[in-house]
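A short write-up of the structure that comes next.
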Amino acid sequence: MKHLRLDKILDILIEFCYLAIIFFVPVYLAVFLNNNDVFELNKLILFKVLTLLLLLFSLIGLALKDIKRQIRHLISLSFLSKYLLIPVLFLLLLAIATIFSQNIEISFYGLYSRYQGLFSYIYYFIFFILLLINIKNIMQINRIVIAAVISSFFVSLYGIAQIAGFDFINWTEPAFLTHRATSTFGQPNFLASYLLLIIPLCIYLILQTKKFLIRFFWIIIFIFQILCLFFTYSRGGWIGLALGITLTGIIYLWITKKKNLLKNKKNIKIFLLVIFLIIIFSSFLLYKNDSFKNRIKSSFDFKSGSVAVRMNFWKASLDAFKKRPILGYGLETQGDVFAKYYKKDWAVLGNVNVYPNRAHNLFFDILLNSGLAGLIAYLALLYLFYKLMLENIKNKESRKLCLAIFLAMTSYLISLMFNFSIVATNVYFWLFLAIIILIHNNFSSRYNNLANQARKEFGLLTKLIIIILIISASCAILRQINKEIKYVIADHYYYEFKKSYAKNEFFNTLEMYDYIDKLNIRDDYYKKEMTVKLAENFNDIPFPILKKKIIKIIESELKNIKINNYSNILAKAKIYTALASDEQNDYFSLAEKSFKKLIDLSPEMPRNYYELAKLYIKEEKFDTAEEYFNQ
């Protein structure tokens, strides 16, 4: 009885972990600890910690449960290898693209505020594998769907409340002024992409539920989801849902052979009523809602607005792709690529010196990240996904859920033609793939007989070795959890640093730098950014003692900036400028060379000329400074 009770506890803990990922990742943001990155970092760290706990409990289960039964279950899962081949090859291709990246560290760990490096994909893959191992029946999948939909209710409710002016957080750009809901994602298009993945699941629950009150509850959530999607004013989201519904309807009619579906008078009336309501609602919005009207009008404006901006990025992406077509530039390196292709006219549609770190198009992002090889691997992954979905839809038992996932994935992928993936949507992508594989494989039950034939008796020594290995792995997991939490703490210190820096409270800024340094985390962002900010304001610091300490920090950090991409060269140039003085003439020369290198890399970036002119002012070469100011 005690052994069975322990098994049950472990099963509960395992299910709690993956349900917590599904429920909390979309809703979680930095509300308990002030952070510089309010959204993506917190979602990613929560996802990583819960995935590591899921892995820990799964390993403990392997050690403490009936080892023979666990081994038989894993053997049964080995027959899933035909499904895992393409995902493994996709991950392997990302690893190769990372090895040949122009910035290996960024490609592995990810870019600050995006976090989609190889390391994150490894976590997505571990999550995916653990779902395949631990989900054993359709009831567990139904609980996953319910958790996802209820989570979306809180996200949607918050988004609508923002538009109504009821927001519990004081944002610098409140949604009721921008007229676009951001909810717990901080960006309307991100929110729209997430909702596209969840709305079909809610439709599935409405169709699947038989009890009136429960169905009414799902209908209320569905209304909130649709309203929130509308208030994102994400044209990509609207187009994604419309085309997704159309394609899903065509697939349903084709697979089920229901050619006479619209010959039924009742179906015709429902179809006409839906079309009529859509026309009336759209007409009302065009007449009454200026935000909606402006978004529709700007969709056809190719000379201004976000459409024109994206076209600039796509043209630059195509030019960059031609130079490295096979493996691209490496994951998360698009920012430095776009810096090279910056055009002064981009400032007409945006801000001066501002360039993206994403192409805002799924295919261009992949081509820049991992080239044609990466695109082929991703298309192979999608082929597997859609092949299994279509086969599942033919099976009446799972048709509704698989149709819902088909609609979700199709709508989401269409929206990514104008956007890019984030932590929450990537989590759901791999979740859906696991669900589709499990349904297609009938939860491995067809292989139980083969697994039972593989029974082995394990001796005491074998069991002891397995337990020692799992204890060692558990210690490593707990250590990694501690590391991940430190990143959130470091981000909090960076937030406090920026607050102090804005107020010229230099003692506090150095204190925050010391706190981050003592955390001893792998850091390619925080200390570099803090050093650059201290360098920019170096001449305004009134305290000689502080200046001496800052010089030590600057010189130390300078040694750590090794890769010569645009952002690093700019950082070094600013640091050299701060260190340049009558006693340190060499730094004038180093700064000048760095700025001229930046001009060679990005000849139309105004900042390069402006910063070089400031250097000449400091060097008292006023005529040369004037020349560069004019440029």
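The values are calculated or read from the model by the stated rules, or taken from the named source; none is laboratory data. Keep in mind that what you see is a predicted model, and the values were worked out from it rather than measured. Quick reminder, even Gly has a Cβ in these numbers, built from the backbone with ideal geometry, and neighbours come from all protein chains shown. Accessible surface areas use protein heavy atoms only, side chains included; no ligands, DNA or RNA. Shrake-Rupley method; radii C 1.70, N 1.55, O 1.52, S 1.80 Å.
Tabulated values for the structure
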quantity	calculated
Test: residue in the stretch 312-328 that is modelled with pLDDT of 95 or more, in contact with a Ser or Thr (Cβ under 7 Å, 6 or more places away or on another chain) and either among the small types (Gly, Ala, Ser) or open to solvent by 20 Å² or more (accessible area, probe 1.4 Å) (or both)	yes
Considering residues of the stretch 329-355 that are in a helix (DSSP H, G or I) and in contact with an Asp or Glu (Cβ under 9 Å, 6 or more places away or on another chain) only, the residue modelled with the highest pLDDT	Gln334
Where Ile563 falls short, out of the listed (1) of a type outside the set (Gly, Ala, Ser); (2) open to solvent by 30 Å² or more (accessible area, probe 1.4 Å); (3) closer than 19 Å to Tyr609 by Cα; (4) out of contact with any Ser or Thr (no Cβ under 8 Å at 6 or more places or on another chain)	(3)
Leu93 being closer than 30 Å to Lys387 by Cα, at pLDDT below 85 and either open to solvent by 20 Å² or more (accessible area, probe 1.4 Å) or out of contact with any Pro (no Cβ under 8 Å at 6 or more places or on another chain) (or both)	no
Options Ile545, Ile551, Ile521; residue that is among the hydrophobic types (A, V, I, L, M, F, W, C), assigned to a loop (DSSP other than H, G, I, E, B) and surrounded by fewer than 18 Cβ atoms within 10 Å (Cβ to Cβ)	Ile521
Contacts under 6 angstrom Cβ, first residue in the stretch 203-222 being surrounded by 15 or more Cβ atoms within 10 Å (Cβ to Cβ), partner of a type in the set (Phe, Trp, Tyr), 6 or more apart	Leu205/Trp218; Ile206/Trp218; Ile221/Phe153
Filter result for Phe23 (part of a helix (DSSP H, G or I), in contact with a Ser or Thr (Cβ under 8 Å, 6 or more places away or on another chain) and within 21 Å of Ser156 (Cα to Cα))	yes
Flag for Ile270 being at pLDDT 60 or above, open to solvent by 40 Å² or more (accessible area, probe 1.4 Å) and of a type in the set (Val, Ile, Thr)	no
Qualifying positions in the stretch 554-567 - of a type in the set (S, T, N, Q), outside any loop (DSSP other than H, G, I, E, B) and touching a residue at least 40 places away in the same chain (Cβ under 8 Å)	Ser567
Among (1) in contact (Cβ under 8 Å) with a residue 24 or more places away in the chain; (2) under 28 Å from Tyr513 (Cα atoms); (3) aliphatic (A, V, I, L, M), the one test that Met605 misses	(2)
Cross-chain or 6+ apart pairs with Cβ under 6 Å, the stretch 383-394 first and under 15 Å from Leu84 (Cα atoms) and touching a residue at least 60 places away in the same chain (Cβ under 8 Å), then in a helix (DSSP H, G or I) and β-branched (Val, Ile, Thr)	Leu384/Ile86; Leu388/Ile436
Tally of residues being open to solvent by less than 50 Å² (accessible area, probe 1.4 Å) and not in a helix (DSSP H, G or I) across the stretch 578-631	4
Within the stretch 155-174, tally of residues that are of a type in the set (A, V, I, L, M, F, W, C), part of a loop (DSSP other than H, G, I, E, B) and within 16 Å of Phe190 (Cβ to Cβ)	1
Extreme residue, least open to solvent (accessible area, probe 1.4 Å), among residues of the stretch 155-184 that are touching a Phe, Trp or Tyr at 6+ places or on another chain (Cβ under 9 Å) and aromatic (Phe, Trp, Tyr)	Tyr158
Residue in the stretch 392-443 that is least open to solvent (accessible area, probe 1.4 Å), counting only those that are in a helix (DSSP H, G or I) and among the charged types (D, E, K, R)	Arg399
Selection within the stretch 437-474 - at pLDDT 90 or above and within 23 Å of Leu52 (Cα to Cα)	Ile437, Leu438
Matching option when the condition is modelled with pLDDT under 90, part of a helix (DSSP H, G or I) and farther than 30 Å from Arg310 by Cα, among Tyr252, Tyr204	Tyr252
Qualifying residue in the stretch 366-387 (condition: part of a helix (DSSP H, G or I), of a type in the set (Lys, Arg) and over 26 Å from Ser107 (Cα atoms))	yes
Single residue of Ile133, Ile122 found to be part of a helix (DSSP H, G or I), within 24 Å of Ile45 (Cβ to Cβ) and at pLDDT below 95	Ile133
Answer residue from the stretch 327-365, given it is of a type in the set (Val, Ile, Thr) and closer than 17 Å to Ile104 by Cβ and is nearest to the chain's Cα centre (by Cα) among those	Thr333
Any hit, the stretch 373-383, residues being surrounded by fewer than 22 Cβ atoms within 10 Å (Cβ to Cβ), over 19 Å from Ala320 (Cα atoms) and not aliphatic (A, V, I, L, M)	yes
